[in-house]
Structures are given as C-alpha cells and as structure tokens.
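Colleague: Have a look at this one before I ask anything.
The values are calculated or read from the model by the stated rules, or taken from the named source; none is laboratory data. Because the structure is a prediction, the values reported are computed rather than measured. Note: ideal-geometry Cβ built from the backbone for every residue, glycine included; neighbour counts use all protein chains shown. Surface accessibility is based on the protein's heavy atoms, side chains included, excluding ligands, DNA and RNA. Shrake-Rupley method; radii C 1.70, N 1.55, O 1.52, S 1.80 Å.
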Amino acid sequence: MQKNYCIQFTSAKIEDLMFRTTFDPVTREGKVVVNLSIIDKKDFDDVMGIFEMAINSGLSVSPFIRVLHEGDNVAGISVGPDEVGFVTMCSITIDGILLKKGVFVNPRFGGLVEIKDGTPLRFTNVLTYHSTTIDPLEVLMSQEITSVTEMLKTGSGKILANLREAPMVARDDIDRILSDMMDAGITGILEVGEPNTRILDVPVERDHLGIVVIGGTNPMAIVQEHGIGIRTNAMSTAVDFRELRHINEYR
C-alpha cells in the first residue's frame, strides 16, 4: 500500500505549538513550548556556565530549564550514554500565552539582529516560517554567522531573534500580558514597535505593530561559537512548567 507523506512547514508547527501552550503567567501553571539540546557529558560544566552567562545577560526566553541525563526522553528524543540534555523555553511560548489571552500574533520570520553598542539596529538575515520545514534559527546557527559572544563582550554583534505582528488595537492588552510574563520570569522581549511603524528596519502590516522576541537558541549559539559540539532540536514539544527549574538551582 502506498503511503502518503505530508511536508509540515514551520509555520504550521508553530500554530500547533501555540494552541498547545496553556501556561498562565499569573498562576504560573500550564504547559510551555521548549527546545531540546544535547551535548557530551564532558562538556557539561562549560555549557552550564555559558547558559548561565546567556541567561543572566538577558539572551534567553526564560531562566527556567531542565537538565536531562542518560535515558531521559523528550519528544521522542532520548539522551544517550555519556550525554546530557538541556530543555529550555522556546519563544513560541510567548505567542501561545498571547493567544490564550485573546491576542492573535502572526509569526513572520526568524533572523539575525545587528546590535551596536548595546542597541538593536536592524534585521540583517531573515528566513520566513512559510518557506522552510526547519526552524529558521536552527538554519542560521548552522551557517555559523552569529556573533553572540562578541556582542556580550563588546556590546556589538549579531544575535538570533524572531519577528511577530499583532493587531494595534490590542496594544494595551499586549503591554499588560507582557508585564505579567516578565513577573513570571519570561523576559524574552527585545523590542515592541509602534503601530504602522517599521521595527528594526522591517515594515509591518497596516494596523499592526511588531514584536521582536529574543531567540531561545542564543545560548546554544554561544556554545557553538566556543567550539563545543551541541545538537539542538528547536520547538521540540510542550511540557508542564513544573518540570522546569530556575538555572540557579542547578548550582
């Protein structure tokens, strides 16, 4: 019997994960979307230090993570012998929270944002979610064109980020929801634009505003820039928030 195969573009996967997000930043209960990364066990201390540096510098979606050990399984991916896994929050969580609160956001693309002297200037490389079956930030990481480490050292470089659009009539609701997210430790917002105004040199749809979200894979990009091997599966699945712990608790 002939099997029918269906290609799932990243945009469809994002929509699925948005609807599977149930996290409420006020009660701090529910499911969040996560990324899964796997490293060699011998690199654990170095990678943990890099993750702490990235999170403390604001280059992550949230400080809540989970460390996996041999035999642990997430989204059908198992941690093998002499390996360690990291579950980290994905920026799609922010989209899902906004959706559950009645604000529909349209994920446009993932890309690189140029930072100069600590100020975000513009998107330089972008890949739309409708044009790929792989997470755009994974693709950009594989090209080794990030300079997140340099940005941390000098204030200038290129980091991973995503662009979303939302209706401008929801601006007050967006501000309130983002404030609740920050109180809950979800701090991955890089910039919120004004209605009908370009954001980081990118135009937005009429009667919309842009929201730039920090890429959840920036810590992984720093690991890669340090020459440490890491396998990342972005937008892996949705897990209960209670499975995650603040990264400081692992120290």
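Colleague: Suppose we filter Asp173, Asp117 for residues that are more than 21 Å from Ile55 (Cα to Cα), touching a Gly at 6+ places or on another chain (Cβ under 9 Å) and either free of Cβ contacts under 8 Å to residues at least 12 places away in the same chain or of a type in the set (Asp, Glu) (or both); which single one remains? Quick ask: steps written out before the conclusion?
Modeller: On the way: Asp117 fails: more than 21 Å from Ile55 (Cα to Cα).
On inspection, the qualifying residue turns out to be Asp173.
Colleague: Further question on the same structure: Please state which one of Ser142, Ser179, Ser131 is farther than 28 Å from Gly227 by Cβ and at pLDDT below 95.
Modeller: On inspection, the qualifying residue turns out to be Ser131.
Colleague: Let me ask you something else. Is it fair to say Thr149 is touching a residue at least 24 places away in the same chain (Cβ under 8 Å) and either surrounded by fewer than 21 Cβ atoms within 10 Å (Cβ to Cβ) or among the β-branched types (Val, Ile, Thr) (or both)?
Modeller: yes
Colleague: Here's a follow-up. Conditions first: (1) in contact (Cβ under 8 Å) with a residue 40 or more places away in the chain; (2) assigned to a helix (DSSP H, G or I). Val139 passes all but one, so which condition is the exception?
Modeller: So Val139 meets the others, but not (1).
Colleague: Please pick out the residue among Ile55, Ile14 that is in contact (Cβ under 8 Å) with a residue 24 or more places away in the chain and open to solvent by 10 Å² or more (accessible area, probe 1.4 Å).
Modeller: Details: Ile14 fails: open to solvent by 10 Å² or more (accessible area, probe 1.4 Å).
One residue alone meets the criteria, Ile55.
Colleague: Restricting attention to region 162-193, which residues are open to solvent by less than 60 Å² (accessible area, probe 1.4 Å) and in a strand (DSSP E or B)?
Modeller: Hits for region 162-193 are Asn162, Leu163, Arg164, Glu165, Ala166, Pro167, Ile189, Leu190, Val192.
Colleague: If I filter region 35-71 down to residues being in contact with a Gly (Cβ under 8 Å, 6 or more places away or on another chain) and among the hydroxyl-bearing types (Ser, Thr, Tyr), which single residue comes out as nearest to Thr21 (Cα to Cα)?
Modeller: Residue satisfying both the conditions and the ranking: Ser62.
Colleague: Quick one: is Gly76 within 19 Å of the chain's Cα centre (by Cα) and either open to solvent by 60 Å² or more (accessible area, probe 1.4 Å) or under 18 Å from Gly185 (Cβ atoms) (or both)?
Modeller: Considered against the rule, which asks whether it is within 19 Å of the chain's Cα centre (by Cα) and either open to solvent by 60 Å² or more (accessible area, probe 1.4 Å) or under 18 Å from Gly185 (Cβ atoms) (or both), Gly76 comes out as no.
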